[in-house]
Amino acid sequence: MSTLPEAPAAYKKLLRRAREIALATSAASALTWDQETYMPAKALPYRAEQLAWLTGHAHRQFIARQVGQWISECEQQGFASDSAQAGNLREWRRQYDRATKVPARLVEKLERVRAHAREAWRQARQQSNFALFKPHFDKILALTRQMADCWGYQDSPYNALVEGYEPGATAAQLRQLFAELRPAIASVLAPAVAKSAAVPPDLLRGQYPVAAQQAFNRKVAEAIGFDFRAGRIDTTTHPFCSTLGAGDCRLTTRYNESEFAQSLYGVLHEAGHGMYEQGLPEEDFGTPNGSAVSLAIHESQSRLWENHVGRGPAFWEHWHPVACEHFPSLKTFSPAQITAAVNRVSPSFIRVEADQVTYDLHIILRFEIEVNLVEGTLKTADVPAYWNEQFEKMFGLKVANDAAGCLQDIHWSIGLMGYFPTYTLGNLNAAQLMRRAASENPALPGELARGQYNSLLSWLREKIHHQGSRHNPRELIRLATGEPTGIRDHIDYLRAKFVGP
């Protein structure tokens, strides 16, 4: 861990405790990753106990009275405001004040319920039967509300939940943001759909063997900067990225042999997460300075590489010959045709496969449902019907089954209430970061057209990754882009790309 020679003894004790806690939490991450990838079904009951014990142990280690004393001693000592030590201390204080309000037995209970709910969701999704998941969802929601009550909140219990993913964000702020964003998206959507109408929805549909997809995806991920000496890609029901320890970042995706783009853009998205994790100061692993500062910052990295890079015309100009080597049927299409196909705008059911224009509408829908659930104005039994009704209003489509509706995402099954808004915040941040990166490096478009990603990654390393949690997320974006998170750059980008002058 990086420390200054004059660091007080209390700070060194905090570093030591943080490393000890990281051993437990990273072990829990490894077990969770295994549950998603290779764990046999009969292992679930014991796996739930393993995860509950490790999580509870880590929680008890952190909420110990002496940890609070060490934090107070360091606060009295003081550090330079922009130092790594000050960032660590700020986050330790914020996290400690939250953690000490929650009893360890509640943390363990939630972890145990999450493990079983995750498997129930998977089965329910496969059978498109919400009733199989509902009893577990009831438990998740009840425990989530208990956690919010323990943390305390003003105005809405949702505020206590979103704080865990995006410090400083509130339901009221998000409502205001989405109220501004929704009509702006509507102004782009109709002309974007009209412009895409000439592109057949099944233009790229064909035969793409999984082995060929895996080989191509690996080449792309490695080219943009994901380090396979410190990571790998596996297969899951729902794509995700997980860090199991220093130098060990796991990506996952899912495959459709008829549509190679599903796995490709899943990998680009998760590789964006992975490169952020790999770019954090490795020597500080386990401390805030060795951790991502927020989920909206994390999602900015995934959305940037998936969309601003991976769906740009420069991407397919460069990768078309390589893609044709893996998928010979693509030889019948030009780079421009493939670019048009992967950017086709049309309302659709599945969030992770949504086009860039309608994507944020998926997030707004989930945000509204989450707030209603947490505040008690919506019952879990009514979620499928409410989802379907609201989805038809927003997208003009009738949801045929639960798998294409309220069961499509894993998040609720693992208690991630409050996470979804960070995807849209990530979109906004990504647009601002790309604008600033291009303004500071006019050669960037040419580099991307040649498949040269190092300067963009290096810029992100300097501005975002290497910063860890030195700054809070709002300050980090302001320092990196020159302004706070807002919708202007994102809407300007969508309008320029999908509507034109």
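Miscellaneous remarks
- Reciprocal mean inverse distance between Cα atoms of the chain - Kirkwood radius, Å: 23.6 Å
- Computed from the Cα positions only, the extents of segment 175-223 along the three principal axes stand at 44, 28, 17 Å, in decreasing order.
- Within-10-Å neighbourhood charge of ALA52 [Cβ basis; K, R +1; D, E -1]: +2
- Backbone amide hydrogens, once placed in the peptide plane, bring ASP355 within less than 5 Å of SER346, excluding anything fewer than 5 places away on its chain.
- Three-way shape call for segment 182-290 based on the alpha-carbon gyration tensor, with the a/c threshold at 1.5: oblate
- Phi-based couplings in Hz for segment 436-445 (Karplus 6.51, -1.76, 1.60; Gly and Pro marked x): 5, 4, 5, 6, 7, 9, x, 7, 4, x
- Local electrostatic count, TRP151, Cβ distance below 14 Å [Lys/Arg +1, Asp/Glu -1]: 0
- Whole-percent carbon and sulfur share, accessible surface of segment 144-223, 1.4 Å: 54 percent
- Considering only VAL102, ILE71, LEU143, and ranking their Cα positions along the charge dipole of segment 71-146 that arises from unit charges at the beta-carbon of Lys, Arg, Asp and Glu, the one farthest toward the positive end is LEU143.
- In degrees, nearest ten, helix 44-63 long axis to first principal axis of the chain (Cα): 50 degrees
- Of all DSSP beta bridges in the chain, antiparallel share, percent nearest 5: 45 percent
- Percentage, to the nearest whole number, of Cα pairs in segment 1-134 over 17 Å apart: 65 percent
- Rounded to the nearest 20, the Cβ-based charge dipole of segment 159-301 about its Cα centre (Lys and Arg +1, Asp and Glu -1) stands at 560 debye.
- Expressed in Å, the radius of gyration and Dmax of the Cα atoms of segment 134-200 are 18.3, 54.
- Dividing the C-alpha radius of gyration of segment 347-501 by 2.2 N^0.38 Å, with N its residue count, gives 1.24.
- Couplings for segment 448-454, taken from phi via the Karplus curve 6.51 cos²θ - 1.76 cosθ + 1.60 with θ = phi - 60°, read 5, 5, 8, x, 9, 10, 5 Hz in order; Gly and Pro are left as x.
- At the listed q of 0.10 Å⁻¹, the Debye profile of segment 247-392, built from one uniform point per Cα, gives log10 I(q)/I(0) equal to -0.49.
- Proximal lysines to LYS134, defined as alpha-carbon separation beneath 26 angstrom and excluding residues fewer than eight positions away on the same chain: LYS42, LYS109, LYS379, LYS393, LYS398
- Heavy-atom accessible surface of segment 354-501: percent carbon and sulfur, 1.4 Å: 52 percent
- Rounded, prolate or oblate (a/c below 1.5 giving rounded, otherwise prolate when a/b exceeds b/c) for segment 391-470 by Cα gyration tensor: prolate
- Placing +1 on the Cβ of every Lys and Arg and -1 on the Cβ of every Asp and Glu, with no other charges, gives segment 4-149 a dipole of roughly 400 debye about its Cα centre.
- Remark: the chain carries a charge dipole of roughly 460 debye about the Cα centre, counting +1 on each Lys and Arg Cβ and -1 on each Asp and Glu Cβ.
- Note, ³J(HN,Hα) from phi for segment 294-300, Karplus 6.51, -1.76, 1.60, rounded to Hz, x at Gly and Pro: 6, 6, 5, 5, 4, 5, 4
- Listed residue (HIS362, LEU476, ALA404) projecting farthest to the positive dipole end of the chain, Cβ model: ALA404
- Unit Cα scatterers, Debye sum, segment 81-178: log10 I(q)/I(0) for q = 0.10, 0.11, 0.14 Å⁻¹: -0.39, -0.47, -0.71
- Comparing PRO191, ALA437, PHE285 along the charge dipole axis of the chain, the residue lying farthest to the positive side is PHE285, per the Cβ-charge model.
- Amide H partners (placed H, <5 Å) of SER291, local residues excluded: SER469
- Each Lys or Arg adds one and each Asp or Glu subtracts one; over the other residues with Cβ under 9 Å from the Cβ of VAL67, this totals +3.
- Accessible area expressed per residue, segment 1-84, with surrounding protein chains retained (probe 1.4 Å, Å²): 55 Å²
The values are calculated or read from the model by the stated rules, or taken from the named source; none is laboratory data. Source: prediction; values computed, not measured. Cβ atoms come from the backbone with ideal geometry, glycine included; neighbour counts cover every protein chain shown. Ligands, DNA and RNA are excluded from the accessible area calculation, which covers all protein heavy atoms including side chains. Shrake-Rupley method; radii C 1.70, N 1.55, O 1.52, S 1.80 Å.
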